[in-house]
1. Relative to the longest principal axis of the C-alpha atoms of the chain, give the angle of the C-alpha long axis of helix 145-154, reported between 0 and 90° and rounded to the nearest 10°.
2. Suppose only helical runs count, i.e. DSSP H with n ≥ 4. What mean residue ellipticity at 222 nm does that imply for the chain under -39500 (n - 2.57) per run, divided by all residues and rounded to the nearest 500 deg cm²/dmol?
3. Can you pull a Stokes-Einstein diffusion coefficient for the chain at 20 °C (1.002 mPa s), Rh from Kirkwood over Cα pairs, as a whole number of µm²/s?
4. Using heavy-atom solvent-accessible surface (probe 1.4 Å) with all chains present, what is the largest-first order of HIS39, HIS205?
5. Please report the spacing between the Cα centers of segment 77-102 and segment 138-171 in Å, no decimals.
6. Hey, can you find the accessible area per residue of segment 116-177 for me, probe 1.4 Å, expressed in square angstrom?
7. Tell me, what is the percent relative contact order of the chain, built from C-alpha pairs under 8 Å that lie six or more residues apart?
8. Could I have the simple spin-label model distance between ASP146 and VAL185, label points 7 Å from Cα toward Cβ, reported in nm to one decimal?
Amino acid sequence: MATSNSYEYINERSINEELLCSICTDPFEDPLCANQCGHTFCRKCITDTFCRKCITDTFCRKCITDTFRDMSRCPTCRHDLKLEDFHPVTIRPFLNQLNQLLVKCKWCSQSNIERGNFKDHLSNCVEEILSCPAANLKCDWKGKRDKIQDHVSICPLIKVQPMIVELTDLVKQQSEQIRCLDTLVKQQLGQIRFLYTILETQAKHNQ
Ligand SMILES: [Zn+2]
Ligand SMILES: [Zn+2]
Ligand SMILES: [Zn+2]
Ligand SMILES: [Zn+2]
Ligand SMILES: [Zn+2]
């Protein structure tokens with residue numbers, strides 16, 4: 001399973017096992033290491049593992065940082081961990097080994113690019129197919145780097161993008177508020193039912 005859409009590893013089978021993430025089975029990308037047990041995972045893999053616990057994607061960030069973070073475990077040894085127990089790996093030789101892995105660009109098929117240099121390659125790769133910056137607003141334009149400026153200058157969706165982002169944030173905030181109110185109402189209903197039971201018992205006593 002490849003983590004990047006833009007490159008594939010060359011001789012993937014010959015890659016040192018110590019460089020592989022146990023979640024995605026690919027070489028680590030942006031590795032994070034758990035302070036307590038020392039197990040290491042890609043940042044994206046471990047973040048996804050932690051936030052898959054929530055029911056909707058919308059509140060992912062929230063649930064990483066409060067309710068669910070206390071309930072998570074290391075995927076390898078089941079040690080109790082929070083996301084904040086992970087720190088970025090800074091061991092140079094380890095990172096160098098990862099950066100020196102050879103990859104092949106899926107767009108232009110150029111081979112033997114060191115992974116650490118791939119970003120530079122991609123920013124100049126003439127074959128890469130880019131999406132419109134307003135793709136999240138359903139603009140389905142796709143094209144090569146040399147055509148994107150022409151599209152951006154005429155794309156109507158890019159002009160309204162800031163406004164729509166603002167509105168979407170507002171809707172998210174409001175649905176969060178509605179959720180809170182809903183919980184409050186449920187709590188109060190519970191209390192009313194409880195009081196009602198007490199009143200009923202007292203009424204029976206007084207008969
Ligand atoms: Zn991974
Ligand atoms: Zn989540
Ligand atoms: Zn562990
Ligand atoms: Zn390329
Ligand atoms: Zn567009």
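1. Tilt of helix 145-154: around 50 degrees.
2. One gets -14500 deg cm²/dmol as the mean residue ellipticity at 222 nm.
3. On the way: Rh = 21.8 Å.
Answer, rounded: 98 µm²/s.
4. HIS205, HIS39
5. If you average the Cα positions of each part, the centres end up 36 Å apart.
6. 73
7. 14
8. Label at ASP146, label at VAL185, 6.0 nm between them.
The values are calculated or read from the model by the stated rules, or taken from the named source; none is laboratory data. Because the structure is a prediction, the values reported are computed rather than measured. Note that we place each Cβ from the backbone using ideal geometry, even for glycine, and neighbour counts take in every protein chain shown. Ligands, DNA and RNA are excluded from the accessible area calculation, which covers all protein heavy atoms including side chains. Shrake-Rupley method; radii C 1.70, N 1.55, O 1.52, S 1.80 Å.
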